[in-house]
Amino acid sequence: MKLQRLYSFLKTDIDIIEKELITAIQSESALLQNASLNLIQAGGKRIRPIFVLLSAKFGNYDIEMIKNVAVSLELIHMASLVHDDVIDDAELRRGKPTVKATWDNRTAMFAGDYILACSLEYMTKINNPAAHRILADTMVEVCIGEIKQIQDKYRFNQNLRDYLRRIKRKTAILIAASCQLGAVAAGTDEELHKKLYMFGYYVGMSYQITDDILDFTASEKELGKPAGGDLLQGNITLPVLYAMQNRDVAVMIEKVNESTTKDEMKYLISMIKKTGAIEKSYEMSQRYLKKAMSILEKLPNNRFRKSLFDVANFIGKRKY
């Protein structure tokens, strides 16, 4: 089953958001506009807008208002990806050349900044101080997470707590904010939108761990980038941490650098798989997913809660 089928009743509203994303990054500068369009046109799961819309369904749902939150959060996510690709010197994103590969690093950085500015402009249409405070706090945490990832590159002595804190900031908190801000913009009570925040946080943790697993288990075609790319770039993920409990494998992992060949990485991935690290990582992902589901049980029992369950379950157990 495809993800889109799980929220097919939102298709009209998702189409509105897709068009609004393109409208949002219009610019008098052809270079800036084309660079910004690069990632939008590459597609994506649109996980954050989906969670915004589904969470807003628990309150006073008005797509003309809610779309501003959905567009803002997706643009923040996209801006971070454009900047990530510069930091990681990545050539591919979603199977297509990155902004920095198509143009250059400076163009990519300014395009990322521009997309971020556009996202903030959309949030000004939400007349709710609490929403702006949540968004500001979220962006601070995301930036800290990005800096920590840079500082932790090739730092092989980091521990589980380091990893979990990093993915909380890098991924989980933006998904959590998507759930919370959709509900806040729809006028739900504080108790409800805080529960949705926790649901999003747990889903986000599961989502990122699954992403980190797929970096070793999915094909290059499925990933849209080389398998093992995270480790090659020095990002120490959960499967790597678990695999390093095997000293022989740890010695091989600690030799990885930017000049490691494709064949060397292929062999290392096979060794990582033999340690049971993939299975242990999957168990951790499922523990977070189970926590997310326990939060859902406390929400009003309606079709939107069922949709949140289905979407969370899908992305937590996806194969690519």
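Worth pointing out:
- Only helices enter this figure: runs of n ≥ 4 DSSP H residues, each worth -39500 (n - 2.57), summed and divided by the residues of the chain, yield -22500 deg cm²/dmol at 222 nm to the nearest 500.
- Solvent-accessible area assigned to carbon and sulfur over the stretch 1-80 amounts to 49 percent, based on a 1.4 Å probe.
- Counting Lys and Arg as +1 and Asp and Glu as -1 over every other residue whose Cβ lies under 10 Å from the Cβ of Ala90, the net charge comes to -2.
- Treating r as the C-beta distance of Lys298 and Arg318 and R0 as 35 Å, the FRET efficiency rounds to 0.90.
- Accessible area per residue for the chain is 47 Å², calculated with a 1.4 Å probe on protein heavy atoms, without ligands, DNA or RNA.
- Rg/Rh for the stretch 222-291, where both radii come from Cα atoms and Rh is the Kirkwood radius: 0.99
- Sulfur and carbon atoms: percent of accessible area, the stretch 197-289 [1.4 Å]: 52
- Contact order relative to length of the chain, as percent, for alpha carbon pairs under 8 angstrom and 6 or more apart: 19
- Charge tally around Arg303: other residues with Cβ under 11 Å, Lys/Arg +1 each, Asp/Glu -1 each, net +2.
- Gained length - Asn105 relative to Asp189, 0.36 nm times residue gap less alpha-carbon distance: 25.9 nm
- Its alpha carbons give the stretch 160-294 an Rg and a Dmax of 17.1, 55 Å.
- Two-site FRET efficiency, Gln151 against Phe9, from Cβ-Cβ distance with R₀ of 51 Å, rounded to 0.05: 0.70
- Chain lengthening between Asp113 and Gln26 when straightened (0.36 nm per residue, less Cα-Cα): 29.9 nm
- GNM result for the chain, Cα springs below 10 Å: residue of Lys225, Lys45, Lys273 fluctuating most strongly: Lys45
- Gyration tensor (alpha-carbon) shape descriptor, the chain, a/c threshold 1.5: oblate
- Gain in span if fully extended, Glu222 to Lys255, counting 0.36 nm per residue against the direct Cα distance: 9.2 nm
- Gyration tensor verdict on the stretch 198-263 (Cα atoms; rounded if a/c is under 1.5, prolate if a/b is larger than b/c, oblate otherwise): oblate
- Tail fraction, Cα-Cα pairs, the stretch 146-234, threshold 17 Å, whole percent: 58
- Overall form of the stretch 259-320 per C-alpha gyration tensor (a/c, 1.5; a/b vs b/c): prolate
- Coordinate range along principal axes, alpha carbons of the stretch 18-140, Å, largest first: 43, 27, 24
- Pairs exceeding a 21 Å alpha-carbon distance, out of Lys195/Lys306; Lys45/Lys273; Lys2/Lys170; Lys225/Lys266: Lys45/Lys273; Lys2/Lys170.
The values are calculated or read from the model by the stated rules, or taken from the named source; none is laboratory data. Everything quoted here is computed from the prediction, not taken from an experiment. Cβ coordinates were reconstructed from backbone atoms using ideal geometry, including for glycine residues, and neighbour counts include every protein chain displayed. Areas reflect the complete protein model, heavy atoms only, side chains present, ligands, DNA and RNA absent. Shrake-Rupley method; radii C 1.70, N 1.55, O 1.52, S 1.80 Å.
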